[in-house]
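Enquirer: Here you go, one structure.
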Amino acid sequence: MMASLRAFPVLYARDVELVAGFYATLGFVEHFRLPGADGAAGFIAMRREGGAELAVTTEDSPRMLAGVEPGPGPRHELFVYVDDVDAAMAGAPAAGGRVLKQAADMPWGERVGFVADPEGNVASLAAPVSAP
């Protein structure tokens, strides 16, 4: 029997618990965890209603598993749909993140704002623009 086909991003983090906690404020819920070598969280898999998934793992993981060195600075942009962009952005600092660019209505019909997670990775927060 073939395994379920799916894909999800895996974020590299110095502090797995902190970064996963940030994404929990955006509606992701932990469903699987592995300890790291030091006993702290080494891998946390998360899901959101609707089937979206992501995982956060230690920066040592790509070194050990693939023999590659994770690069510095932002390593991805994660586009996350939320119910209220402005409220989600306002909550980012309390979760260890920071606002990069305030939300604005885009010509394609979405309100989009940009935040950084606790380690500087970019998360675009979006929602459809409400009808007038």
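Enquirer: Among the residues of the stretch 113-121, is any of a type in the set (Phe, Trp, Tyr), free of Cβ contacts under 8 Å to residues at least 60 places away in the same chain and buried (at least 16 other Cβ atoms within 10 Å of the Cβ)?
Expert: Taking the stretch 113-121 and keeping what is of a type in the set (Phe, Trp, Tyr), we get 114.
From what is left, the residues that are free of Cβ contacts under 8 Å to residues at least 60 places away in the same chain are 114.
Subsequent filtering for residues that are buried (at least 16 other Cβ atoms within 10 Å of the Cβ) retains 114.
Yes - at least one qualifying residue is present in the stretch 113-121.
Enquirer: Could you tell me which residue of the stretch 1-45 is modelled with the lowest pLDDT, considering only residues that are aromatic (Phe, Trp, Tyr) and under 18 Å from Val115 (Cα atoms)?
Expert: First pass over the stretch 1-45, keeping only residues aromatic (Phe, Trp, Tyr): 8, 12, 22-23, 28, 32, 43.
Within this subset, residues satisfying the condition of being under 18 Å from Val115 (Cα atoms) are 12, 22-23, 28.
Working: Tyr12: 92, Phe22: 97, Tyr23: 97, Phe28: 97.
Ranking the candidates gives Tyr12 first.
Enquirer: Could you tell me whether Gly97 is under 16 Å from the mean Cα position of the chain (by Cα), in contact (Cβ under 8 Å) with a residue 60 or more places away in the chain and open to solvent by less than 20 Å² (accessible area, probe 1.4 Å)? So that I can check it myself, show each step before the final result.
Expert: Details: under 16 Å from the mean Cα position of the chain (by Cα): yes; in contact (Cβ under 8 Å) with a residue 60 or more places away in the chain: yes; open to solvent by less than 20 Å² (accessible area, probe 1.4 Å): yes.
Answer is yes for this residue.
Enquirer: Do you know which residues across the stretch 25-48 are surrounded by 14 or more Cβ atoms within 10 Å (Cβ to Cβ) and small (Gly, Ala, Ser)?
Expert: Gly27, Gly36, Ala41, Gly42, Ala45
Enquirer: So, in the stretch 1-23, of the ones that are part of a helix (DSSP H, G or I) and touching a residue at least 40 places away in the same chain (Cβ under 8 Å), which residue ends up farthest from Gly97 (Cα to Cα)?
Expert: Our first condition is that a residue be part of a helix (DSSP H, G or I); within the stretch 1-23, this holds for 16-23.
Still in the running and touching a residue at least 40 places away in the same chain (Cβ under 8 Å): 16, 18-19, 21-23.
Working: Val16: 14, Leu18: 10, Val19: 9, Gly21: 10, Phe22: 7, Tyr23: 10 Å.
By that ranking, first place goes to Val16.
Enquirer: Working only within the stretch 1-24, note down all residues that are surrounded by 12 or more Cβ atoms within 10 Å (Cβ to Cβ) and aliphatic (A, V, I, L, M). Reasoning before the result, please.
Expert: Keep residues of the stretch 1-24 that are surrounded by 12 or more Cβ atoms within 10 Å (Cβ to Cβ), which gives 8-24.
Selection gives Val10, Leu11, Ala13, Val16, Leu18, Val19, Ala20, Ala24.
Enquirer: Now for a separate question. Does the stretch 63-77 contain at least one residue that is in a strand (DSSP E or B) and of a type outside the set (D, E, K, R)? Full working, then the answer.
Expert: Looking only at the stretch 63-77, we keep the residues that are in a strand (DSSP E or B), and these are 77.
When the remaining residues are screened for being of a type outside the set (D, E, K, R), the result is none.
No.
The values are calculated or read from the model by the stated rules, or taken from the named source; none is laboratory data. From a predicted model like this one, the values you see are computed outputs, not experimental measurements. All Cβ positions, even for glycine, are placed from backbone atoms using ideal geometry, and neighbour counts span all protein chains on display. The accessibility values were calculated without ligands, DNA or RNA, using every heavy atom of the protein model including side chains. Shrake-Rupley method; radii C 1.70, N 1.55, O 1.52, S 1.80 Å.
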